[in-house]
Amino acid sequence: MMAGTHYMWVDLPGLPEPFAMIPIDGGAFLMGSDKKADPEAFDDESPRHEVRVPGFLLGRYPVTQE
């Protein structure tokens with residue numbers, strides 16, 4: 001964990017103890033390709049458009065299904 005990174009403990013149903021979660025800020029990015037700038041782009045890559053992702057919680061540790 002990087003210095004200054006904050007995390008919280010979340011009680012999740014079915015888990016014996018709280019789970020460490022890191023809040024991830026939401027934001028926007030451009031997805032897709034501009035056909036003029038990238039003529040080799042596939043048809044389903046355009047048009048280039050803005051996508052907004054809401055903030056979410058991410059588990060601090062990896063989880064396996066084993």
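FYI, it's all coordinate maths here, none of it is from the lab. Given the structure is predicted, the values throughout are model-derived calculations rather than measurements. In this analysis, Cβ positions are derived from the backbone assuming ideal geometry, glycine residues included, and neighbour counts consider all displayed protein chains.
Details
- Each listed q (0.15, 0.19, 0.22 Å⁻¹) maps to a log10 I(q)/I(0) for the chain, found by the Debye formula over equal Cα scatterers with no solvent: -0.70, -0.81, -0.92.
- Ranked by how many other Cβ atoms sit within 10 Å of their own Cβ, fewest first, the residues R60, R52 fall in the order R52, R60.
- Theoretical gain in end-to-end length, M8 to M31 [0.36 nm per residue, Cα-Cα removed]: 5.2 nm
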